[in-house]
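Notes for the one structure printed next.
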Amino acid sequence: MSDEVVERLLRKAKLRRTPVRAGVLEVLTKASRPMGAVEILEKLPPHTDAVTVYRTLNTYTKKDVVHRIRGEDRVWRYALGGGGAQEKTVHRHPHFVCEMCGRVECLHEAEIPGDFVKALGVGRKYVVSYPEVVLHGVCPRCR
């Protein structure tokens, strides 16, 4: 990930650049699937403070830089907003959790329909920020 893209994402989220913030973005950009905080930490320099990484992930989640999904093991896994598309911040794809190996994947080829929440008949008194669809089953590797 180029410094220019990191700067653009941080500027869009109105966050200043720090080594951990930039490092987390670089790790997530290279990831082929959502990653847990421990996995992200393993890819950062050894002296990186774990608490700072967790805070960074929470900040990125609140600012819609990343989205998160919880796996079968109840561990949050993170991916760039839009499933890795650097310019988008809203993800419109479902996620898949394998019940055999616990792997969590973004299903980029599928899209949550724009009228999904309306089709569910959610009452008007609820304000839905975004829908999250999680499919559980067995992944191709475990079949």
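The values are calculated or read from the model by the stated rules, or taken from the named source; none is laboratory data. Values in this document were obtained by computation on a predicted structure and should not be read as measured data. Here the Cβ is made from the backbone with ideal geometry for all residues, glycine too, and neighbour counts use every protein chain on show. Ligands, DNA and RNA are stripped out before the accessible areas are found, and what is left, the full protein with its side chains, is counted by its heavy atoms. Shrake-Rupley method; radii C 1.70, N 1.55, O 1.52, S 1.80 Å.
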*Determine the relative contact order of the chain: mean sequence separation of Cα pairs under 8 Å and six or more apart, normalised by residue count, in whole percent.*
19 percent
*For the chain, average projected area of the Cα convex hull in nm²*: 9.8 nm²
*Anyone know which of HIS108, HIS47, HIS95 comes out most mobile in the 10 Å Cα GNM of the chain?*
HIS47
*Quick one: accessible area per residue over the chain, 1.4 Å probe, rounded to a whole number of Å²?*
64 Å²
*For region 22-143, which whole-number percentage of the solvent-accessible area (1.4 Å probe, protein heavy atoms only) is attributable to carbon and sulfur atoms?*
50 percent
*asked:* Can you compute the modelled spin-label distance between LEU15 and ARG74, with each label point 7 Å from Cα toward Cβ, in nm?
replied: 2.6 nm
*R0 of 25 Å, Cβ-Cβ distance LEU135-ASN58: FRET efficiency to nearest 0.05*: 0.50
_Helical contribution to [θ] at 222 nm, DSSP H n ≥ 4, -39,500 (n - 2.57), averaged over the chain, rounded to 500_ = -9500 deg cm²/dmol
*Using a cut-off of 14 Å between beta-carbons, work out the net charge of the residues near CYS98 (Lys and Arg +1, Asp and Glu -1, CYS98 not included).*
+2
*Mind ranking 20-29, 98-107 by how tightly packed they are, going by the mean number of other C-beta atoms within 10 angstrom, highest first?*
20-29, 98-107
_What is the sum of charges, Lys and Arg at +1 and Asp and Glu at -1, for the other residues whose Cβ falls under 12 Å from the Cβ of THR18?_
+3
*Within the chain, what is the number of lysine pairs with alpha carbons under 23 Å apart, leaving out pairs fewer than eight places apart on the same chain?*
18
*Contour minus end-to-end for HIS108 and GLU4, with contour as 0.36 nm per residue of separation and end-to-end as the Cα-Cα distance?*
35.0 nm
